[in-house]
Amino acid sequence: MAKSYDFGGYATKANRRCADGRIILPDAFKDDNNRIVPLVWNHQHDNPANVLGHALLENRKDGVYAFCSFNDTENGQEAKRLVKHGDIVSLSIYANQLKQRGSEVLHGVIREVSLVLAGANPDAFIDTVLAHGIGADIDDDEGVIYMGERISLSHADNDSDGEELKVDEDRNKKKKSDDEETVEDVFNSMTEKQKTVVYALLGQALQDNGGGQSGNDDDESREGKSVKHNIFDSDENQGAFLSHADMEKIFADGKRLGSLREAVNQAIEDGVLAHSIDTTGMTVATGTQTYGFNDPSMLFPDYKSLNNPPEWISRRMDWVRKVMSGVHHTPFSRIKSVYANITEDDARARGYIKGKQKKEEVFTTLKRTTDPQTVYKKQKLDRDDIIDITDFDVVAWIRSEMRLMLDEEIARAIIIGDGRSTDSDDHISEAHIRPIAKDVPLFNTQVKVEVAANADEQVIAKATINAAIRARKNYKGSGNPTFFTTEDVVTEMLLLEDGIGHKLYKTEAELATALRVRDIVTVEPMENQTLTVGSGSSAETLPLIGVIVNLSDYNVGADKGGEVNMFDDFDIDYNQQKYLIETRISGALIKPYSALTLVLKKAA
């Protein structure tokens, strides 16, 4: 296979200090020798089109070399042209089952080799997802390892069996003329002791200015190892190279200041060394911590949501379900209620006197009709947002909110009315869904709870219970009714005590029995509601206390097709998904004297 490769390059290099302080030891990936793994574009594993070919791995003393061949796909051939043209020059690997001891990577398994855009950082680095932390033997870690090594092209007729591939000369190394030495030449001419002094001075200066890797140096000293990094070993990276003029300036400042360390510090402040890492396109930490690293929060784990999808902040909705399930339903929406009044004297049976003419019975007939109205809720989402929200089904979430709010609005209209101005386009007409609390006297009896002007909550609570019990004679609805009221009203009733401090009603069930109702349901939208009582000059607006009714006497009608329906449509011009939920219904009490409405009347 090595004879027919398209290009080759080092996938990893041994004994190379990475930017995060870790070192890949020789033979860390020796088990991958002669293995074939996919050649992928930029570690993207979510699409088969991103597989560009394959790579034959060869374990060497100084790392793992990859003989890479492109496939015949469009993406593979495009990548081949980019490599041949020199646009793509770097390889990277994805490995898992990483094991390390301290800062040393001992073992791993290479799963794929990727072509990557060369970064500005001249050092290798491992972008690792740690499972257990750093400092102990670690199993089953995984990471993307970037080495910054250049790849080399080959001809298909290369027949050098077993011969190592020739690597392109580093572009960052400048050619020198016969009469000029580069900074690297000067550096390489130093003795090992002199190089060690330069390493120490530069490292200490950078560390004091927040650029050192003090934690990694501690690892080295503990393990008795010394790893020297050649500052001239770099990929093609304009920002990483110090010119001859830069170095001359540093040494000149060192003579002027009397300290090479101070000269390096001055170079950092002047920006001479600040460009050693190109941060284009990256978010740079802006913290000011003076030890460790300047912004620890950048390394904190991402926030994790505890409730997906998000929880609704809404009014209490348990009463809505009781209303919607308690009303009577018919499969038609146009309702006509016809009644005959036999309560008048003319409808009574008569006594007969011999010789007198018998008279016919006379009674009054009554009729009321109710027409339907459409009630709807509309919403829209950008399709880009629908695709980008992956933690939960945002469409199902929005649909559930639309149905919940539609049911609440219908239930509110049934009990107390829409509440919006009659001039509003959004108003639900009280002639189509007739609110129980505002219905005419034939169906709803308004009961005034009269108290003194200075009456406190306890007095009002007692008066409300007494008024409800006395008004029960006016109730002619079906069975035992339900008391719909507010949480404040129920609380004040439960706090009532006798003369020696004992609670009059220990539970809501005991209170419901005293009120002669089956159940008590609190309705949050009923809070602070008022009701107009009377008509003409005698009309007055009074606070609403509650409604006593059996919802089986209230009819909700919908024709076929008028039941609750959900529609959706896509706007191709604005790339938006639109949703509509609507129903067309009518609603009204259908039994005379089937409701009692309690209002508070304080004396002047």
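The values are calculated or read from the model by the stated rules, or taken from the named source; none is laboratory data. Everything numeric here is computed off the predicted structure, so don't read it as measured data. Every residue, glycine as well, gets a Cβ built from its backbone with ideal geometry; the counts of neighbours run over all protein chains shown. The protein model used for the area step is the full one, side chains on, heavy atoms only, and it has no ligands, DNA or RNA in it. Shrake-Rupley method; radii C 1.70, N 1.55, O 1.52, S 1.80 Å.
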**Prompt:** Of LYS322/LYS377; LYS377/LYS448; LYS336/LYS380; LYS322/LYS448, which sit over 32 Å apart, Cα to Cα?
**Reply:** LYS377/LYS448; LYS336/LYS380
**Prompt:** Rounded to the nearest 10 Å², what accessible area does HIS427 show when all protein chains are kept and the probe is 1.4 Å?
**Reply:** 30 Å²
**Request:** Between VAL459 and LEU25, with labels modelled 7 Å along Cα→Cβ, what's the label distance in nm to one decimal, could you check?
**Result:** 9.0 nm
**Prompt:** For region 381-474, which chymotrypsin sites (Phe, Trp or Tyr not before Pro) are both in a DSSP coil and crowded by at most 14 other Cβ atoms within 10 Å?
**Reply:** PHE392
**Request:** Obtain the nm distance between the two label points defined at GLU311 and ASN33 by a simple spin-label model: each point lies 7 Å from its Cα along the Cα-to-C-beta direction.
**Result:** 5.9 nm
**Request:** Using Cα pairs closer than 8 Å and at least 6 residues apart in sequence, work out the relative contact order for region 377-442, in percent.
**Result:** 25 percent
**Asked** Can you pull the Kirkwood radius for region 359-421, inverse mean 1/r over Cα pairs, to one decimal in Å?
**Response** 16.1 Å
**Request:** Using only Cα atoms, locate the centre of region 461-511 and the centre of region 42-96, then give the distance between them in Å, rounded to an integer.
**Result:** 80 Å
**Complete:** Row for region 410-483, column shape: gyration tensor on C-alpha, a ≥ b ≥ c, rounded if a/c < 1.5 i.e. under 1.5, prolate if a/b over b/c, else oblate; value oblate
**Request:** Rounded to whole Hz and in sequence order, give me ³J(HN,Hα) for region 585-598 from the Karplus expression 6.51 cos²θ - 1.76 cosθ + 1.60, θ = phi - 60°, writing x for Gly and Pro.
**Result:** 9, 10, x, 6, 5, 10, 10, x, 6, 9, 9, 10, 10, 9
**Prompt:** Amide H to amide H under 5 Å from THR12: which residues, 5+ apart in sequence or cross-chain, H placed 1.01 Å off N in plane?
**Reply:** VAL64
**Message:** Give me a comma-separated list of calculated 3J(HN,Hα) values for region 507-514, in order, Karplus coefficients 6.51, -1.76, 1.60 applied at θ = phi - 60°, integers in Hz, x for any Gly or Pro.
**Reply:** 9, 5, 5, 5, 5, 4, 5, 5
**Request:** Could you list which residues have their amide H under 5 Å from that of ALA595, counting only those 5 or more apart in sequence or on another chain, with H placed in the peptide plane?
**Result:** THR445, LYS476
**Request:** Would you mind checking which residues have amide H under 5 Å from ILE110's amide H? H placed 1.01 Å from N; only 5 or more apart, or other chain.
**Result:** none
**Request:** Go through region 543-587 and name the chymotrypsin sites (Phe, Trp or Tyr not before Pro) that are in a DSSP coil and have 12 or fewer other Cβ atoms within 10 Å of their Cβ.
**Result:** TYR574
**Prompt:** Short version: ³J(HN,Hα) in whole Hz for each residue of region 369-377, in order, from phi by Karplus 6.51 cos²θ - 1.76 cosθ + 1.60 (θ = phi - 60°), x for Gly and Pro, what are they?
**Reply:** 10, 9, 9, x, 9, 7, 10, 9, 8
**Request:** Run the accessible area of region 356-452 with a 1.4 Å probe and give the carbon-and-sulfur part as a rounded percent.
**Result:** 46 percent
